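Beneath this line is the structure, given in structure tokens, with notes to follow.
The values are calculated or read from the model by the stated rules, or taken from the named source; none is laboratory data. Just so it is clear, the model here is predicted, and its values are computed rather than measured. Using ideal geometry, Cβ is built from the backbone for each residue, glycine included, and neighbour counts are taken over all protein chains shown.
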Amino acid sequence: MAQLTGTSLVYGSGASQMAGGGKVIRYASEEYCTRTSLSVSNNHIFWQAATLNRQRNDSDIRVKSLMAGHNKYSYPYGGTFVELKDPSNNLYRSYVGSAYEPCREGGGQEIVMYVDYTFRDADISNATGNWVIQFGYQAINGTNNRWAEIWNPSGSDDGRGWQKCSTVFVEEIIYGD
């Protein structure tokens with residue numbers, strides 16, 4: 001049986017492991033609940049979701065989001081992304097950690113886009129201040145596309161359903177302090 005002692009986890013064999021977690025020092029969250037038709041375009045930002053006031057120049061920024069969509073436009077389509085904009089308007093984009101999954105019963109069904117990605121401090125500028133978190137889509141071959149026809153569907157899309165909302169939670173994380 002393992003035991004936690006200070007910052008180490010000690011196993012029954014005597015082997016130990018240092019705690020590896022980070023500490024959240026700042027967070028931001030946002031919710032958006034307006035039914036929106038998504039544009040058929042390329043390199044399109046559809047949500048400037050939240051602003052995180054970054055406190056330290058050596059922190060990581062983790063973005064977690066769940067977005068509701070309706071009506072499949074194309075699948076598979078690997079062009080969804082999460083992007084940060086620093087206080088000097090430099091952009092940091094990741095296609096990793098962003099994906100969507102349509103209901104496979106038919107084209108006029110629910111679609112869920114999810115994001116869980118950490119921008120490491122070494123990969124972004126060391127600027128502090130207001131960082132904007134945004135979401136979009138872009139096809140690598142330059143064609144126009146989108147991940148869903150409707151973002152945040154309402155009862156007008158399905159009379160049995162409630163208004164859906166998209167959420168984002170952003171954390172500024174430091175390690176080793």
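Of the residues Asp60, Asp86, which is in contact with a helix residue (DSSP H, G or I) (Cβ under 8 Å, 6 or more places away or on another chain) and either more than 27 Å from Ala28 (Cβ to Cβ) or modelled with pLDDT of 95 or more (or both)? Quick ask: steps written out before the conclusion?
Working: Asp86 fails: in contact with a helix residue (DSSP H, G or I) (Cβ under 8 Å, 6 or more places away or on another chain).
Step by step, each of Asp60, Asp86 is checked, and only Asp60 is in contact with a helix residue (DSSP H, G or I) (Cβ under 8 Å, 6 or more places away or on another chain) and either more than 27 Å from Ala28 (Cβ to Cβ) or modelled with pLDDT of 95 or more (or both).
Could you pull out every one of the strands (runs of 3 or more DSSP E) wholly within region 106-177 that has 1 or more residues that are more than 24 Å from Glu31 (Cα to Cα) and of a type in the set (A, V, I, L, M, F, W, C)?
The qualifying strands (runs of 3 or more DSSP E) are 166-174.
Mind telling me which of the residues Pro76, Pro87 ends up being under 30 Å from Ser156 (Cβ atoms) and outside any strand (DSSP E or B)?
Unique residue meeting the criteria: Pro76.
Could you check Ile61 against (1) surrounded by fewer than 18 Cβ atoms within 10 Å (Cβ to Cβ); (2) farther than 20 Å from Trp151 by Cβ; (3) aliphatic (A, V, I, L, M); (4) touching a residue at least 24 places away in the same chain (Cβ under 8 Å) and say which number it fails?
The number of the failed condition is (1).
So which pairs qualify, if the first residue must be in region 149-160 and on the phi > 0 side of the Ramachandran plot, the second must be charged (D, E, K, R) and surrounded by 17 or more Cβ atoms within 10 Å (Cβ to Cβ), the Cβ gap must be under 8 Å, and the two must be at least 6 apart or on different chains?
Correct list of pairs: Asn152/Lys164.
Which of the residues spanning region 137-163 are basic (Lys, Arg) and at pLDDT below 90?
Listed by number, the list holds a single entry, Arg160.
Filter region 104-115 down to residues that are under 20 Å from the mean Cα position of the chain (by Cα) and surrounded by fewer than 15 Cβ atoms within 10 Å (Cβ to Cβ), then give me how many there are.
Final tally of qualifying residues: 1.
Here is a list: Ser29, Ser37, Ser74. Which entry is within 16 Å of Tyr137 (Cα to Cα) and modelled with pLDDT of 95 or more?
Answer to the check: Ser37.
Tally time: how many residues in region 121-154 are closer than 19 Å to Gly97 by Cα, loosely packed, with under 13 Cβ neighbours inside 10 Å and not small (Gly, Ala, Ser)?
Qualifying residue count for the region: 2.
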